[in-house]
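Each remark here refers to the structure printed beneath this line.
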Amino acid sequence: MNKPVPPDELMTDEDGPLYAPRKKVYPQSVSGRFRSIKWRLMAVCLGVYYLLPFVRWHRGLGAPDQAVLIDFPNRRFYFFFIELWPQEVYYFTGLLVLAALTLFLMNALGGRIWCGYLCPQTVWTDLFYAVERLVEGDRRAQMKADAGPMTVKRAGRRALKHAIWLLIAWWTGGAWVLYFADAPTLVRDLATFQAPAIAYLWIAILTASTYLLAGYMREQVCVYMCPWPRIQAALTDEWALNVTYKYDRGEPRCSVKKAFDIRSLGEKAGDCIDCNQCVAVCPTGIDIREGAQLGCIQCGLCIDACDAVMTKVSRKTGLIGYDNDINVQRRIAGKEEIFKPARARTVVYASLITVVCAVMLYALMSRTLLDVNVLHDRNPIAVRLSDGAIRNGYTLRFLNKRGFDRVIAIDVDGPTDAKLHVIGADSVTPDRPMIVLGRDTTTELRVLVTVPFDEKAEKSVPVTFRVTDIGLGEVAFATDHFVLP
């Protein structure tokens, strides 16, 4: 009988470990065109996120004046001049479709530029990195401090860094809850400990998640947690521009002095001097010279670092840049570079984005602010009266999306000589019911439709309720059936 083999003996040296322990990344600060773009986008994104809840937008008497508000108690979503009701959730579906198509188009044009410039994880991680460098110094200072013993000075700096991180994370969570209530009022209630418990709970959750994701997990989120790198790899094509090391120009690598000697002998020497600056500035710690990798977020910081080195050694910049392998091969073959931003993939994405935007805009501009729904009684479905007439009961639900009261008239079309009666509501006229609908409300009314008996009548006849705003002339319809017992 064979003896069981211990698990540690099953793994050979060729197999290697099942996972690699994380090596802390110390990104070095860098300046340049792409770093400047990232600073500006960070300022815009954070400014919008933190300040937007305090922007006011006048909507009339009794309506909230916060420009962007998710009002759960009243089931409304306000975005400047747009007010959406729960029945209009399809607009959010359209926004999700639009966001996905935009992401696909960005990927087809420039790879993971969303990840490198606009992703919340990237924005807040960049901010945390800036705080870390401000308090503890740049890459070398941090590495030297981590390699040495803990001192009082180092402990103080670390405590200050984490205090600032927690302050940023706390305000990030606090800003989020401001989108769900009047911001100035909620800030006052939070400061005086009079806010709802759910607000404090969500602030705590978002504070912890921001602190952990941006302060500790950082590149781990991009490499292991986020699904987009894997989706992006399946969606990209050979023409998409990605941050690329132009190995046709950079190889073979050698120092400046050695390159001079090699070239003096008439042999080829690459422009890359193997300074590793592209690796030092990378927020995920990859070496772009090894080709396309899952960890590359296309932020362009390695381009800035490489251009700075090329400038110092008096060589042409652009050794690392937004490019594709097709152009690398064309340069090797002595052909001109070709860029195809407009191709079948990008045209389809752009066309779909245009169509979705047009449909949503048309639906938004042509939507009615008066709506009606009908529900037929189920038990009994029809009643025969003493005089032989047939009566059906319905429940009508009216939606008045206006910010003021309105008077509506209710008409019924379909059965011959049908008479309409509204239960539990005072009508201005008996023959044609006229009802007052409150502003910005949903109103339910029970109505009865009575039709004289007719032996030749069909068992089921379509019945349409026509609702007309007497003052504005807006019309809404709801259709059901009138049935015989």
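The values are calculated or read from the model by the stated rules, or taken from the named source; none is laboratory data. This is a predicted model, so every value here is computed, not measured. Because the Cβ atoms are built from the backbone with ideal geometry, glycine has one as well, and the counts that use them run over all protein chains shown. The protein model used for the area step is the full one, side chains on, heavy atoms only, and it has no ligands, DNA or RNA in it. Shrake-Rupley method; radii C 1.70, N 1.55, O 1.52, S 1.80 Å.
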Between segment 277-311 and segment 19-78, how many Å separate their Cα centres?
27
Ordered by packing density, taken as the mean number of other Cβ atoms within 10 Å over each peptide's residues, highest first, how do 67-80, 161-174, 140-153 rank?
161-174, 67-80, 140-153
Is the shape of segment 134-252 best called rounded, prolate or oblate, per the rule: a/c under 1.5 gives rounded, else a/b larger than b/c gives prolate, else oblate, with a ≥ b ≥ c the square roots of the Cα gyration tensor eigenvalues?
oblate
Sorted largest first, the Cα spans of segment 199-280 on the principal axes come out in Å as 72, 31, 16
Tell me the relative contact order for the chain as a rounded percent, counting alpha carbon contacts under 8 Å between residues six or more apart.
14
Pop the C-beta distance of residue 262 and residue 312 into the FRET formula with R0 = 22 Å and round what comes out to the nearest 0.05.
0.65
Kindly provide log₁₀ I(q)/I(0) values, in the same order as q = 0.12, 0.15, 0.19 Å⁻¹, from the Debye equation applied to equal alpha-carbon scatterers of segment 370-483.
-0.41, -0.63, -0.96
Counting only heavy atoms of the protein chains, get the accessible area per residue of segment 232-315 (1.4 Å probe) and round it to a whole Å² value.
47
For residue 80, net neighbour charge (Lys/Arg +1, Asp/Glu -1) across residues whose Cβ lies under 12 Å away:
0
Using 7 Å Cα-to-Cβ label points, what is the residue 225/residue 422 separation (nm, one decimal)?
5.5
Given Cα pairs under 8 Å that are at least 6 residues apart, what percent is the relative contact order of segment 398-485?
35
Per-selection Kirkwood Rh - segment 70-116 (Cα, Å, 1 d.p.)
12.6
How much net charge surrounds residue 474 when only the other residues with a Cβ under 13 Å from the Cβ of residue 474 are counted, with Lys and Arg +1 and Asp and Glu -1?
+3
Compute the convex hull volume of the Cα atoms of segment 57-138, divide it by the residue count, and report the result per residue in Å³ as a whole number.
153
Counting only protein heavy atoms and using a 1.4 Å probe, what share of the accessible area of the chain belongs to carbon plus sulfur, as a whole percent?
63
Cα-based Rg / Dmax (Å) for segment 22-235
20.3, 65
Could you pull out every whole DSSP H run in the chain that spans at least 20 Å of Cα extent along its own axis and averages -1.0 or higher on the Kyte-Doolittle scale?
33-51, 90-110, 120-136, 152-177, 197-212, 344-366
Residue 443/residue 162 FRET efficiency (R0 51 Å; Cβ-Cβ; nearest 0.05)
0.40
Directionally averaged projected area (convex hull, Cα atoms, segment 242-332), nm²
5.6
Taking the solvent-accessible surface of protein heavy atoms with a 1.4 Å probe, what is the per residue accessible area of segment 370-483 in Å²?
55
Longest to shortest principal axis, alpha-carbon extents of the chain, angstrom:
114, 72, 61
What distance in nm separates the two pseudo spin-label positions at residue 98 and residue 54, each 7 Å out from Cα along the beta-carbon direction?
2.8
Under 5 Å between amide hydrogens, which residues at least 5 positions from residue 119 or on another chain qualify, with H placed 1.01 Å from N in the peptide plane?
none
So the pair-distance distribution of segment 270-314, from every Cα-Cα distance in 5 Å bins, comes to percents of 5, 24, 34, 21, 12, 4, 0
Using unit Cβ charges (K, R positive; D, E negative) and no other charged atoms, how large, in debye to the nearest 20, is the dipole of segment 188-282 about its Cα centre?
200
Estimated [θ] at 222 nm from DSSP helical runs (n ≥ 4, -39500 (n - 2.57)) normalised by residues in the chain, nearest 500:
-12500 deg cm²/dmol
Length released on extending from residue 212 to residue 436, taking residue separation times 0.36 nm less the Cα-Cα span:
75.2 nm
For a label point 7 Å from the Cα of residue 194 along Cα→C-beta, name the residues of segment 170-186 whose backbone N is under 16 Å from it.
182-186
Place +1 on the Cβ of every Lys and Arg and -1 on the Cβ of every Asp and Glu in segment 358-485, take the dipole about the Cα centre, and give the residue among 416, 460, 373 whose Cα lies farthest towards its positive end.
373
